[in-house]
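Working notes, structure below.
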Amino acid sequence: MRRARRWLPGLLLVSPSIVAIGLFVYGLIFWNTRVALSGKHDEVSPYKFDKGKNFVDLWDQPSWPGAVRHALLFTAVFVLGALLLGAFLAFLMDKGIRGEASFRVIYLFPMAISFIASGVVWRWLMNPAPPERAVGLNQLFGKVHLGSLANDWWQNPDWGMAAMALPAVWQMSGYVMALYLAGFRSVPEELREAARVDGASEWKVYRYVVFPQLRPVTLSALIILGHISLKVFDLIMAIAGKQIITYVPAIATYVEVFDRHDPANGATIATYLLLAVALLVIPYLVWSVRAERTR
């Protein structure tokens, strides 16, 4: 009874969370995997095991390779853009600019807006209408005599997904800025002063002293941005809808399940997304555990 008094209250406290996570996270992952490994390609077929045939057949669909390519392009532009812009903003904030608190609020405010709301605004900003009917950014470029910068944005067949990443970069760069700013402020001032005494310029102080200390911050931001980009859905739906030119795996899942009524294919795509996110998260967790053990 004495031992039970020690661990039983804590167990009772966390048991609702354990049950909820087990049911709504791992339980649903198990069910999704079961559907992905079945031949349920309509609403009346039984859940008959098909030996993973769906994972191979999916690549024969004309739209799937394009969806993967779009997702990779979106991920590359979004992650790199948010990291660079966030690090640059954090660098400016670290220099002690006047009104720093106000700028922090301004840069972080986009993160408080949902992707749906920002997508509606950016759909107007990136309207690909011709010059005579231009609105948003194209209209602005025309008025400031920079009409050569006007383009068809997300409707471009080659780089449309790069333009689609711009709203996501705008929305998440403030969050990355906060991560990097906390990292900058955690670097001891003694290290910076020692480098300056040794004759290092301000740029070399950041390059050889400060930025090497921020590798954990960069890795954390990379993991967070990477998994957001792989499963992006609401932003694309708000701007372009279910168009093939902006087709990504998350949109493909919605189309397969709700439009084509093919649960097996939809679950297969969802499983691919889960595996892609796991490739980012699991190495990070392993690295974090090893780092904690070495401390």
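For segment 283-291, state whether one or more residues are open to solvent by 30 Å² or more (accessible area, probe 1.4 Å), of a type in the set (Phe, Trp, Tyr), at pLDDT 90 or above and within 20 Å of the chain's Cα centre (by Cα).
no
Does residue 138 count as open to solvent by less than 30 Å² (accessible area, probe 1.4 Å), more than 15 Å from the chain's Cα centre (by Cα) and modelled with pLDDT of 85 or more?
So residue 138 fits the description; yes.
Quick one: count up the residues across segment 6-46 that are at pLDDT below 85, open to solvent by less than 70 Å² (accessible area, probe 1.4 Å) and under 29 Å from residue 269 (Cβ atoms).
1
If a residue must be over 14 Å from residue 171 (Cα atoms), at pLDDT 85 or above and aliphatic (A, V, I, L, M), how many such residues does segment 86-110 contain?
Of the residues in segment 86-110, 4 are over 14 Å from residue 171 (Cα atoms), at pLDDT 85 or above and aliphatic (A, V, I, L, M).
Of all residues in segment 162-193, which are more than 16 Å from residue 115 (Cα to Cα) and open to solvent by less than 50 Å² (accessible area, probe 1.4 Å)?
Passing the criteria: 162, 176, 177, 178, 179, 180, 181, 183, 184, 187, 192.
Mind listing whichever residues of segment 47-101 are surrounded by fewer than 11 Cβ atoms within 10 Å (Cβ to Cβ) and out of contact with any Ser or Thr (no Cβ under 7 Å at 6 or more places or on another chain)?
Hits for segment 47-101 are 51, 56, 59, 60, 62, 95, 96, 97, 98, 99, 101.
Pairs please, first residue from segment 274-287 and over 15 Å from residue 32 (Cα atoms), second anywhere and not basic (Lys, Arg), Cβ atoms under 6 Å, 6+ apart in sequence or on different chains.
276/230; 277/227; 277/230; 280/223; 280/226; 280/227; 284/223
Report every pair of residues separated by at least 6 positions or lying on different chains whose Cβ atoms are under 7 Å apart, first residue within segment 24-45 and free of Cβ contacts under 8 Å to residues at least 40 places away in the same chain and part of a loop (DSSP other than H, G, I, E, B), second surrounded by 13 or more Cβ atoms within 10 Å (Cβ to Cβ) and charged (D, E, K, R).
Within 7 Å, the pairs are 37/50.
Are any of the residues in segment 143-161 open to solvent by less than 60 Å² (accessible area, probe 1.4 Å) and either at pLDDT 90 or above or closer than 30 Å to residue 206 by Cβ (or both)?
Scanning segment 143-161, I find at least one residue that is open to solvent by less than 60 Å² (accessible area, probe 1.4 Å) and either at pLDDT 90 or above or closer than 30 Å to residue 206 by Cβ (or both), so the answer is yes.
The values are calculated or read from the model by the stated rules, or taken from the named source; none is laboratory data. Here the structure is a predicted model, which means the values were calculated and not measured. A quick note on method: Cβ atoms are made from the backbone with ideal geometry, for glycine too, and the neighbour counts reach across all protein chains shown. SASA here: full protein model, heavy atoms, side chains in, ligands and nucleic acids out. Shrake-Rupley method; radii C 1.70, N 1.55, O 1.52, S 1.80 Å.
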